[in-house]
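For reference, the structure discussed in these notes is given below.
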Amino acid sequence: MEDFCRHLGINGTLTLICCIFCIFLPEGKAAWETISENVGSRVTLQCSNESISTLNQLTWKMNGVTMFTFNPLGNFYVSPQATNLTLKMSESQSQLYALIIENAQLYHTGNYTCEVTSMKDGVLDQNWRLIIKESTEIWDILMIATVSSVCLLIFLIGLVILIRCNKRHTRNSRPSTSAEAQQPTEDIYENCLEIERYNRRHSQPNKPLPIQHRV
């Protein structure tokens, strides 16, 4: 054994001891079960009731804060936090002393501990990490609504820009149109005057030549 320790050195020996310690270490308070649920779901955290017959006290905690305390003498404590969070502790035989959340919300996310004290087993803990997340359907609806709103906004902005550009183009092209319309009118008027003069000049009858008398 000494040759083995010398071969590994001090660091190797410490590493080996830590590995053995981790293998044989009981789970106890270090064991946590992670549960993930969607918003609006019903969550039930079962507390082991193997030692209920010799139960001294049962305590539910959320993030280290006591929510419920129960003992066989009939003492039942409900904290104001449990009331505000709408937490319930079941008393039915099928779910004895289970913690129930009827309508889970994001603020129910946290660490939950069921602490059972009995004359037989002493103190036993069961621990959960509860994660409440938004439903994927809700995220899909929000995503579709967001994309639709952005597309509608882009369409409206483009429509407003198009209308303004059209008005500006119409305003700029209006003087040239008036000038172009006025020029043909003047040409027609001048042509009419020329025609009238021509008609007057050729419509006069030929004057008879004066008669010359012979002497």
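The values are calculated or read from the model by the stated rules, or taken from the named source; none is laboratory data. Here the structure is a predicted model, which means the values were calculated and not measured. Counting neighbours? That spans all protein chains shown, and the Cβs are built from the backbone with ideal geometry, glycine included.
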Yes/no for Leu124 being within 16 Å of Lys61 (Cα to Cα) and not β-branched (Val, Ile, Thr): yes
Single residue of region 110-153 satisfying the filter (closer than 25 Å to Phe68 by Cα and among the aliphatic types (A, V, I, L, M)) that is farthest from the chain's Cα centre (by Cα): Met119
Residues being over 15 Å from Thr59 (Cα atoms), buried (at least 16 other Cβ atoms within 10 Å of the Cβ) and at pLDDT 90 or above - total across region 86-102: 1
